[in-house]
Amino acid sequence: MVPMRGLLVLLILVLAAPLATSPASAALKLCNRTSYILYGAVSAVTSPGSVTQGWTRIIPGDCATAISTPLTAQSYMVYARSSLGHAGQQKAWGGDFPVCVKDADFRTAEKVTLPYCTGADMFALNFAALDTGGKRDWTMNFDEEAQYTLSDAQLVGAKRLLKDNGFDPGPLTPKPDKLTTKALAGARAKFGLDKADNAQFFAALENAARKTGAPAGYTVCNDTKDGLLVATGVLENGKPVSRGWWTLGGGACARTITSELSQDAVWLFAQRQKGGAVTVSGPQKFCLANGAFEIAGVACAPVMQAGFVRTNTAKLAGYVAHIGPNGLGASQTRPK
């Protein structure tokens, strides 16, 4: 057994040291000085259009490159949201400018003057404008009320994830104590993280926490190593409506319905991104299309129909469907 004092020193060194993978230089760098794992999106505006891309994952106390080329657009906007693995309501950092995004990783070009989002899997979030002063390189810091330094954010962020996974790390402050040491040792033993660096530590705990809580809306998680294409179906005013595609990389999640659930059921279909092998299906027929789609009804050619499986969402505010190597696995729910 490692002595308590030794574990405490390990905690300070591992969580306070800057990550070697942090970008030394970047045209637009996003730094996370919060206690949450963040996913950031940026939009570059050059009238009359914009290019928006996301999501850049940033662990507490780290920085990540969002745009690697010199900043030459007329203006830039940014948005970030907390990981679905954190307990409680999802946190957001944004502003007053609606920008069209997708839940899965994306890069899309839009007309700035367009009053609505194109594509069935797109929706608007309120971004904040960046004042880069015309510079070709810029660093954006995300902060929370406590105003942490990067090293403090790493420690408090680790404590938050420990708590999200059922451990007691003590108060969420940038000071370790015996409870923090005990919780860290427990997590390292439980998840096999004795030799893990910061990135591996946060990834393992985020992945574990994401499997224990359900945010509002309907979320699909890909628990396989292969990319998946996902579509959903619902009944709206008694008529079937199907939407897709959400592209989920291995280990990724996407919220296909972002508001609190109001349907008694949501139907799900999934196939591998490469090869097209169906991994989740059922008897209920909905229409599909080759590109992004939103289709009301089932008046489509039989070759463009597929069977969707029913997931029961009655009396639920949130539902997480997990797709594993053997298809649809155990779900997570959030009662209303």
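The values are calculated or read from the model by the stated rules, or taken from the named source; none is laboratory data. Everything quoted here is computed from the prediction, not taken from an experiment. Glycine gets a Cβ as well: all are built from the backbone with ideal geometry, and neighbour counts include every protein chain shown.
Here are a few things to note about the model shown:
- Qualifying residue in the range 193-205 (condition: modelled with pLDDT under 95 and basic (Lys, Arg)): yes
- Considering the conditions (1) out of contact with any strand residue (DSSP E or B) (no Cβ under 6 Å at 6 or more places or on another chain); (2) of a type in the set (Gly, Ala, Ser); (3) closer than 16 Å to Gly95 by Cα, Ala124 is excluded by exactly one of them, (1).
- Which numbered condition Thr256 fails, given (1) touching a Gly at 6+ places or on another chain (Cβ under 6 Å); (2) within 23 Å of Asn326 (Cβ to Cβ): (1)
- Of residues in the range 315-330 being in contact with a strand residue (DSSP E or B) (Cβ under 7 Å, 6 or more places away or on another chain), in a loop (DSSP other than H, G, I, E, B) and on the phi < 0 side of the Ramachandran plot, the one modelled with the highest pLDDT: Gly329
The rows are residues; the columns are (1) modelled with pLDDT of 95 or more; (2) of a type in the set (A, V, I, L, M, F, W, C); (3) under 16 Å from Ala153 (Cβ atoms).
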| position | (1), (2), (3) |
| --- | --- |
| Ile58 | yes, yes, yes |
| Gly61 | yes, no, yes |
| Tyr76 | yes, no, no |
| Ser82 | no, no, yes |
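- Looking across the range 187-229, the residues that are without any contact (Cβ under 8 Å) to a residue 24 or more places away in the chain and in contact with a Leu (Cβ under 8 Å, 6 or more places away or on another chain) come down to Phe191, Gln200, Ala204.
- Selected residue [part of a helix (DSSP H, G or I) and either at positive phi or not assigned by TED's automatic domain parsing to the domain that holds Lys315 (or both)] from Ala183, Ala196: Ala183
- The set of residues in the range 281-308 that are under 24 Å from the mean Cα position of the chain (by Cα) and either within 14 Å of Trp267 (Cβ to Cβ) or small (Gly, Ala, Ser) (or both) comprises Gly291, Ala292.
- For the range 165-180, residues that are assigned to a helix (DSSP H, G or I) and free of Cβ contacts under 8 Å to residues at least 40 places away in the same chain total 1.
- Among residues of the range 239-296, those that are among the acidic types (Asp, Glu) and either outside any strand (DSSP E or B) or in the same structural domain as Ala208 (by TED's automatic domain parsing) (or both), counted: 2
- Taken together, the criteria place Val220 among residues that are in contact with a Cys (Cβ under 7 Å, 6 or more places away or on another chain), within 17 Å of Val309 (Cα to Cα) and not in a loop (DSSP other than H, G, I, E, B).
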